[in-house]
Amino acid sequence: MVELSAAERHALVEKNLPLVGYITSEFIGRLPSHVSRDDLTSAGLMALFQASRGYDPNTGVPFNRYANTRIRGAILDDLRGADWASRGVRSRQRQLSRTEDQLTTELGRTPTSAELAASLGVSEKELASTRDEAQRSMVLSMQGFTAEGGSIDDHLPTHAPGPEQELLHRERLGYLRSAIAVLPERLKHVIEGYFIQERPMAELAEELEVSESRISQMRAEALALLRDGMNTHLSPEMVSKVTGSGAALKRKESYFAAVGAQSDFRSRLALSAFASMGAPPARRTA
């Protein structure tokens, strides 16, 4: 296997970052509204970083195709591990089904939406939302997420990861979220705006009153910080050597320390499982 240099890995990651956004959007359009885009993006970004480390150009497979498979697999694993169909959603669907059956028996016909909503004590809008969640869950289980179709299990690994692998994966995701959370404010704004909110660079440049080329530089700087901030705690040998003044070194060391101080092991695991509670993690407000 040919090992790529740190610079080559970084170039692959930066060039293929938009792929994470495209795949996340493809998934999120077929999922209930309570599923967090941030969680799926984090899983996809982690898979992209890992793909850059495991890629062997001698295989002849283009990196974007290799990364595509890894990113999709990681997001599917995250969905299964997070139990995306939360207890609340399943409970509402069961209650809806029971009430509809009961009213059908009593009325001798299928109840109207207004009758069903009144019996459940909800608005017709809330009833429509519950039905939408039920339909989306059926789409997920019946169609999967690829153009080729098939069920979700067709695209999952045959063997589930062991407890140790699961813990390591969740800790990596927790570190990634911590690393994003403590980025300098303007760099964080660029990362969230470009990769999570999928806003154009021109819009971010106007908002921050800088040129588009400067936004591109800030994006590269933020990605380098994220990579080294995570590697400092997970793979110290992968951290890039700091060049520049003593002030630059101190700022970088301060950032690395902030990543570690942002959360402990338990809270990192809790962060990575946040989606199972049916609520997105806290986000920065503009």
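Read the figures in this text as sums done on the coordinates, not as results from a lab. It should be emphasised that the depicted structure is a prediction, and the values quoted were computed from it without experimental measurement. For neighbour counting, all protein chains shown are included, and Cβ atoms are generated from backbone atoms with ideal geometry for every residue, glycine included.
For the stretch 6-85, averaging the sequence separation of C-alpha pairs within contact (under 8 Å, six or more residues apart) and dividing by the residue count gives a relative contact order of 36 percent. When you count the other C-beta atoms within 10 angstrom of each residue and take the mean per peptide, 59-66, 180-187, 112-119 line up highest first as 180-187, 112-119, 59-66. Peptides 40-48, 197-205 ranked from most to least packed by the mean count of surrounding Cβ atoms within 10 Å: 40-48, 197-205. In the stretch 6-85, the ratio of gyration radius to Kirkwood radius, Rg to Rh, stands at 1.01 when only Cα atoms are counted. Residues TYR194, TYR255, arranged from fewest to most other Cβ atoms within 10 angstrom of their Cβ, appear as TYR255, TYR194.
When the charge dipole of the stretch 186-235 is built from unit charges on Cβ atoms (+1 for Lys and Arg, -1 for Asp and Glu) and taken about the Cα centre, the candidate among SER216, LEU204, MET230 whose Cα reaches farthest toward its positive end is MET230. Summarising the amide proton neighbourhood of VAL61: residues at separation of 5 or more, or on other chains, whose placed amide H is nearer than 5 Å comprise an empty set. Backbone amide hydrogens, once placed in the peptide plane, bring ARG199 within less than 5 Å of TYR194, excluding anything fewer than 5 places away on its chain. Across the stretch 198-208, computed HN-Hα scalar couplings (Karplus, 6.51 cos²θ - 1.76 cosθ + 1.60, θ = phi - 60°) run 6, 8, x, 4, 4, 5, 5, 4, 5, 5, 8 Hz from first to last residue, x flagging Gly and Pro. Overall shape: prolate for the stretch 175-216, with the ratio a/c of the largest to smallest alpha carbon gyration tensor axis at 1.5 or above and a/b above b/c.
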